[in-house]
Amino acid sequence: MQYRSARQIGQLGLMVILAIWLASCGDGIETVYPAPVLPGGGFVQPPVIPPPQRIFLESGLVKVGIDLNAGGAITYLTDGPKGENMINNFDLGRQLQTALYSGPIPYSQNGKQPVSFWSGLGWNPVQTGDIHNNPSQVVTYRSDSTNRLYVKTAPLIWPLLNEPAECVMEHWLELRGNVIHVRSRSQVARRDTTQYEARTQESPCMYLNGPYYRMVTYSGNQPFTNDALFEVNTAHPIADRYTTENWAAFVNKEGRGVGIYRPNEFRFISGFFGAAGYGGERDDATAYLTAVPFYVMDHNAVFEFEYDLIVGTLEQIRQFAYSQPRPATGPNYRFTNTRQGWHYNNTRDSGLPIRNELSVQWGRTDTTRTSFYIKSPKVFWRAAEVPRLVIEAAFTTTAPTARLNWRKPGDVEFKELTGGVDFPIVGDGQFRTYTVDLSRVPEWQGIITQIQLEATPSTIRASNERTGRIRLRSISR
């Protein structure tokens, strides 16, 4: 993720902190950096961006527009057909769009070097354009009906000068009353076949104008019960939000605005920069909201996700989330043809396509670091409802045990975990079913936000990490 704005180039301190913080979100280093400070000042003149060429969908409740001069991203959204545009368009780093991330860090292409402030972003295709306000090319678009749009984009690498990324992005929009349903599909085709560590993906990121300064979500332990909401209504730096109802929103002082709902997504990030409560689409003040799952962006990846934009009151936004299917209450991961959101820290798998298993190195790719992890996506499980985990796997290792570990609310994302439960394994490469009994583990209680498989620390240096392997078919309860 990022606070992506050309105007902030002059803010050296902010950019340096951001570059370090962003790099830490994906490089696996077990270090926690401070959140960035608020920017101050800026250029005297705002950046020059291409004039809009918009195509609209409109109902009696919402008007939404994509911009062919901004990669086909959403640049226009109103609460009511004649309301003011809520989307911030200060430069081509804002809007409502998709942005992808992978290695290496820093990333250069065709002899072009990244703008130094953004070198920590690595490979970073952005739907709208680059930091120099060159727009990404719209390859094709069509209006399927009065309530549907399709757009295909060749995105640019954000920190480079007018450099197309080795991928294409497709977006399908459907207007359903006060809701815009969006399906996104990115096809990667990189010449660099290295499998880099998972990075957070802005899927999507949304920038609203200054009047929409109240960030509201639900992050408590009683989701879908109309429990009290969590709100931040002042300018604030980038911060993680654990969204246990799978939505977050920015609204104005009257409580109206835009919410993002992502099915089964619990990790959002928000920030507000500038003067809260003031400004239009060409002003610098902006609210920033993004859903940011970790994802291994292979050289041949197909990254797909869906989300809904709900325009209206907080009650309408929340009730939309309540009308959707509930997220899973326990593990049911079967690795038939996808990773199911699982990702790695200091190890890697055999790449795509996935054929009925994840085949992952059971060892460290960088032996100067202390450990490696095979990690689930963010979840919301009650430990009492998951008294055991059933793991179908084949281990190739001399180690006699493996470790199951987990995170709970408040655990820092990149902090190395202690504890966990060691369970016996057979390292002969044959598939077996391992049942990990958690019912009598005192630490397995309350809310579980993530699980991970790792080596028992005492076995790491005793095993052959280069030939070690786990072939993982499923994890269930």
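The values are calculated or read from the model by the stated rules, or taken from the named source; none is laboratory data. Since the model is a prediction, treat every value here as computed from it, not as a measurement. So basically every Cβ, Gly included, is an ideal-geometry build from the backbone, and we count neighbours across all protein chains shown. Ligands, DNA and RNA are excluded from the accessible area calculation, which covers all protein heavy atoms including side chains. Shrake-Rupley method; radii C 1.70, N 1.55, O 1.52, S 1.80 Å.
Laid out as a table, the results:
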{"item": "Filter result (on the phi > 0 side of the Ramachandran plot and not in a strand (DSSP E or B)) within segment 90-129", "result": "Gln95, Asn110, Gly111, Gly122"}
{"item": "Unmet criterion (only one of (1) in contact (Cβ under 8 Å) with a residue 40 or more places away in the chain; (2) hydroxyl-bearing (Ser, Thr, Tyr); (3) surrounded by 18 or more Cβ atoms within 10 Å (Cβ to Cβ)) for Thr243", "result": "(1)"}
{"item": "Boolean, Val390 is open to solvent by less than 30 Å² (accessible area, probe 1.4 Å) and assigned to a strand (DSSP E or B)", "result": "yes"}
{"item": "Checking Tyr295 against (1) within 21 Å of Val188 (Cβ to Cβ); (2) without any contact (Cβ under 8 Å) to a residue 12 or more places away in the chain, the condition it does not meet", "result": "(2)"}
{"item": "Residue check for Glu315: open to solvent by 10 Å² or more (accessible area, probe 1.4 Å), outside any loop (DSSP other than H, G, I, E, B) and at pLDDT 95 or above", "result": "yes"}
{"item": "Whichever residue in segment 454-471 is touching a residue at least 24 places away in the same chain (Cβ under 8 Å) and more than 12 Å from Gln361 (Cβ to Cβ) and, among such residues, is surrounded by the most Cβ atoms within 10 Å (Cβ to Cβ)", "result": "Glu454"}
{"item": "Residues of segment 130-155 that turn out to be without any contact (Cβ under 8 Å) to a residue 60 or more places away in the chain and in a strand (DSSP E or B), as a count", "result": "7"}
{"item": "Any hit, segment 434-448, residues being at negative phi, surrounded by 19 or more Cβ atoms within 10 Å (Cβ to Cβ) and under 29 Å from the mean Cα position of the chain (by Cα)", "result": "yes"}
{"item": "Lone unmet requirement of (1) open to solvent by 10 Å² or more (accessible area, probe 1.4 Å); (2) closer than 21 Å to Leu156 by Cβ; (3) in a strand (DSSP E or B) for Lys63", "result": "(2)"}
{"item": "Filter result for Asp366 (acidic (Asp, Glu) and either part of a loop (DSSP other than H, G, I, E, B) or surrounded by fewer than 20 Cβ atoms within 10 Å (Cβ to Cβ) (or both))", "result": "yes"}
{"item": "Every residue from segment 349-404 that is without any contact (Cβ under 8 Å) to a residue 40 or more places away in the chain and either at positive phi or among the small types (Gly, Ala, Ser) (or both)", "result": "Ser350"}
